[in-house]
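Encoded as structure tokens, the structure appears first; notes follow it.
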Amino acid sequence: MKNAVIGNNKQKANLIVLGAVPRLLYLLQQESSSTELKTECAVVLGSLAMGTENNVKSLLDCHIIPALLQGLLSPDLKFIEACLRCLRTIFTSPVTPEELLYTDATVIPHLMALLSRSRYTQEYICQIFSHCCKGPDHQTILFNHGAVQNIAHLLTSLSYKVRMQALKCFSVLAFENPQVSMTLVNVLVDGELLPQIFVKMLQRDKPIEMQLTSSLYALHQAFAFTEKQIINLTTFQTLPCLVRMCSKERLLEERVEGAETLAYLIEPDVELQRIASITDHLIAMLADYFKYPSSVSAITDIKRLDHDLKHAHELRQAAFKLYASLGANDEDIRKKIIETENMMDRIVTGLSESSVKVRLAAVRCLHSLSRSVQQLRTSFQDHAVWKPLMKVLQNAPDEILVVASSMLCNLLLEFSPSKEPILESGAVELLCGLTQSENPALRVNGIWALMNMAFQAEQKIKADILRSLSTEQLFRLLSDSDLNVLMKTLGLLRNLLSTRPHIDKIMSTHGKQIMQAVTLILEGEHNIEVKEQTLCILANIADGTTAKELIMTNDDILQKIKYYMGHSHVKLQLAAMFCISNLIWNEEEGSQERQDKLRDMGIVDILHKLSQSPDSNLCDKAKTALQQYLA
């Protein structure tokens, strides 16, 4: 059986269909089976697991993992190694849930104990750990069971494979985890500190895989270094190593990992983005990632074509990710990216790819480039980017929707030429739909895009927004638990209530509800920014011709404005002052009656007090308001 299935997926599938797996597992677990027989069973199962993902699913359905873990209790090393090899193959498959390693609390300590048995147990166990360590909970379990102490000495193993797997293990253990990182920095191996060991591994004479993993480890350890150490390591060793990995001479797998790691490294740092963009012509080098599979390989070598096809998606995804990080902040870098051969066409094509990961990376890349005012006005218009983007927004998974809707916010800014055609293609309904999402990020983006759309818009667009959104939904958003949603909804309301005819029109139809919402927010437990925005909305209403009567006939609101004029926070005093100025402005009809009513409320006394304010802005506004009374 073993000889029949090696390297032959068809034979593997046949054996599984014929019911070989339960029989092999039965023999593996029988006490009467000899150790040699058990070992052979584990080897055949391992070979079956090497096949397709469906094979692994069949093995999991037969409860192979508990049987193999039980096998690890055997005293026989050869059998243990065969069980571990099979477990390694199963756990590294994307269809295997990592949690299966942690269901029995005795498994991790037993694996730690087996680390000392042979170089094979070391290699396989480290590989299992690095694949099954996903997130802080897993890191904590491994850390608490002594992973650092047990694995550290393997970094100086004579076996390259063991060193590599140990290094990968540390990389995932330290990922975004200060507790592990701080411990690792002080660990000694053969009299040398761990950071010194992996800096040696970064040297150019070491295999590229080792350099890369050391780079990753360095990044994930960043918590534990001084700033100068991080800057030197990153700029002079990690970054150049990763850029070298993106070059044509490297294996496709290495180029993918190099670009993805570099994208992660430079994402938060403008200076690193600039350095990377001018290192080894990186921007031009990445254009080559889109040329797989090449037509030449198709003719000469079927195996090579298969390999290229397999990695083509990954290459495009990695290139888009890295372009997105490179162009995150710098206008010149964005310009260089867009001017790279056929770049905009490639991104637009990427938006409709079958692979979700490539689509997501393409949208991210486009979002990054859409932060440029100039590109929004030129390249984005020339390539009508809004069309495929609207298509993406129709039925995409949430992770793509969040980035795509974020980008739509940029395309709807008032200076963007795409704003008109987007409006005509039914964006209002789409965005109003997003505001009802369970996902707070989508609610924020939906309302943010509507806010941008309403800015200096004509009455018809504002009416469309209000009709599609509905007042019920608008007020639901004003009581949203997410602060960003609330702030953007207030921003939308403020933009809707601008220019007098629009203010009067909207307040004549929705005045009662809007005044209720304003009252609720000013009475609620909200921060300064929220209350400032709300007072600014009141100031806009006070600027209307007929709308200001809704404030003047509402004593509750007038008392609130008076209260905020005397507030301890200058921002709120200024916003309240704007309301008063708009209400008492002399040149407008009925100003005398409004001035008298506000004088009776004690507003003039407050204005005199504020005209002595140490804040020059507040002082000037109070003096200007008092002049309205004197005129």
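The values are calculated or read from the model by the stated rules, or taken from the named source; none is laboratory data. Predicted, not measured: the structure shown is a model, and the values here were computed from it. No Cβ is skipped: glycine too gets one built from the backbone with ideal geometry, and neighbour counts run over all protein chains shown. Note: areas computed on protein heavy atoms with side chains; ligands, DNA, RNA excluded. Shrake-Rupley method; radii C 1.70, N 1.55, O 1.52, S 1.80 Å.
Numbers for the structure displayed
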{"quantity": "In the stretch 8-58, the residues that are without any contact (Cβ under 8 Å) to a residue 12 or more places away in the chain and assigned to a loop (DSSP other than H, G, I, E, B)", "calculated": "Asn8, Leu18, Gly19, Gln30, Glu31, Ser32, Ser33, Ser34"}
{"quantity": "The listed residue being farther than 17 Å from Ala454 by Cβ, surrounded by 14 or more Cβ atoms within 10 Å (Cβ to Cβ) and among the small types (Gly, Ala, Ser), out of Ala542, Ala517", "calculated": "Ala542"}
{"quantity": "Any hit, the stretch 324-335, residues being within 13 Å of Val256 (Cβ to Cβ), modelled with pLDDT of 95 or more and open to solvent by less than 20 Å² (accessible area, probe 1.4 Å)", "calculated": "no"}
{"quantity": "Checklist (1) touching a helix residue (DSSP H, G or I) at 6+ places or on another chain (Cβ under 8 Å); (2) hydrophobic (A, V, I, L, M, F, W, C); (3) touching a residue at least 40 places away in the same chain (Cβ under 8 Å) applied to Val373, failing item", "calculated": "(1)"}
{"quantity": "Tally, over the stretch 111-141, of residues that are without any contact (Cβ under 8 Å) to a residue 40 or more places away in the chain, outside any loop (DSSP other than H, G, I, E, B) and open to solvent by 50 Å² or more (accessible area, probe 1.4 Å)", "calculated": "5"}
{"quantity": "Residues of the stretch 482-500 classified as assigned to a loop (DSSP other than H, G, I, E, B) and in contact with a Pro (Cβ under 7 Å, 6 or more places away or on another chain), total", "calculated": "1"}
{"quantity": "Tally of residues being touching a Cys at 6+ places or on another chain (Cβ under 9 Å) and open to solvent by 50 Å² or more (accessible area, probe 1.4 Å) across the stretch 609-631", "calculated": "1"}
{"quantity": "Test set (1) within 45 Å of the chain's Cα centre (by Cα); (2) part of a helix (DSSP H, G or I) - Glu525 fails condition number", "calculated": "(2)"}
{"quantity": "From the options Leu493, Leu522, residue that is among the hydrophobic types (A, V, I, L, M, F, W, C) and within 24 Å of Met453 (Cα to Cα)", "calculated": "Leu493"}
{"quantity": "Restricting the stretch 173-184 to residues that are open to solvent by 30 Å² or more (accessible area, probe 1.4 Å) and farther than 15 Å from Gly146 by Cα, the residue that is farthest from the chain's Cα centre (by Cα)", "calculated": "Pro178"}
{"quantity": "Count - residues of the stretch 485-523 that are of a type in the set (Gly, Ala, Ser) and more than 28 Å from Val402 (Cβ to Cβ)", "calculated": "3"}
{"quantity": "Boolean, Leu360 is free of Cβ contacts under 8 Å to residues at least 60 places away in the same chain, surrounded by 19 or more Cβ atoms within 10 Å (Cβ to Cβ) and closer than 23 Å to Pro417 by Cβ", "calculated": "no"}
{"quantity": "Enumeration of residues in the stretch 63-80 that are open to solvent by 50 Å² or more (accessible area, probe 1.4 Å) and within 26 Å of Ala13 (Cβ to Cβ)", "calculated": "His63, Pro66"}
{"quantity": "Residue count, the stretch 153-195 (criterion: assigned to a loop (DSSP other than H, G, I, E, B) and aromatic (Phe, Trp, Tyr))", "calculated": "1"}
{"quantity": "Residue within the stretch 494-510 that is modelled with pLDDT of 90 or more, under 22 Å from Thr546 (Cα atoms) and touching an Asp or Glu at 6+ places or on another chain (Cβ under 8 Å) present", "calculated": "yes"}
{"quantity": "Test: Glu529 is at negative phi and open to solvent by less than 50 Å² (accessible area, probe 1.4 Å)", "calculated": "no"}
{"quantity": "Breaking point among (1) assigned to a helix (DSSP H, G or I); (2) modelled with pLDDT under 90; (3) surrounded by 16 or more Cβ atoms within 10 Å (Cβ to Cβ), for Gln374", "calculated": "(3)"}
{"quantity": "Positions within the stretch 421-440 being modelled with pLDDT of 90 or more and either open to solvent by 40 Å² or more (accessible area, probe 1.4 Å) or not in a helix (DSSP H, G or I) (or both), in sequence order", "calculated": "Glu429, Gly433, Thr435, Gln436, Ser437, Glu438, Asn439, Pro440"}
{"quantity": "Residue selected from the stretch 260-276 under the condition closer than 11 Å to Leu322 by Cα and within 17 Å of the chain's Cα centre (by Cα), by the criterion surrounded by the most Cβ atoms within 10 Å (Cβ to Cβ)", "calculated": "Leu262"}
{"quantity": "Unmet requirement for Val296, which otherwise passes all of (1) out of contact with any Cys (no Cβ under 9 Å at 6 or more places or on another chain); (2) surrounded by 13 or more Cβ atoms within 10 Å (Cβ to Cβ); (3) at pLDDT below 95", "calculated": "(2)"}
{"quantity": "Selection from the stretch 570-608 of residues that are open to solvent by 70 Å² or more (accessible area, probe 1.4 Å), touching a residue at least 12 places away in the same chain (Cβ under 8 Å) and either among the hydroxyl-bearing types (Ser, Thr, Tyr) or farther than 18 Å from Leu550 by Cα (or both)", "calculated": "Lys571, Arg599, His608"}
{"quantity": "Close pairs from the stretch 458-471: first more than 15 Å from Asn495 (Cα to Cα), partner of a type outside the set (A, V, I, L, M) and surrounded by fewer than 17 Cβ atoms within 10 Å (Cβ to Cβ), Cβ under 8 Å, at least 6 apart", "calculated": "Ser468/Glu429; Thr471/Gln513"}
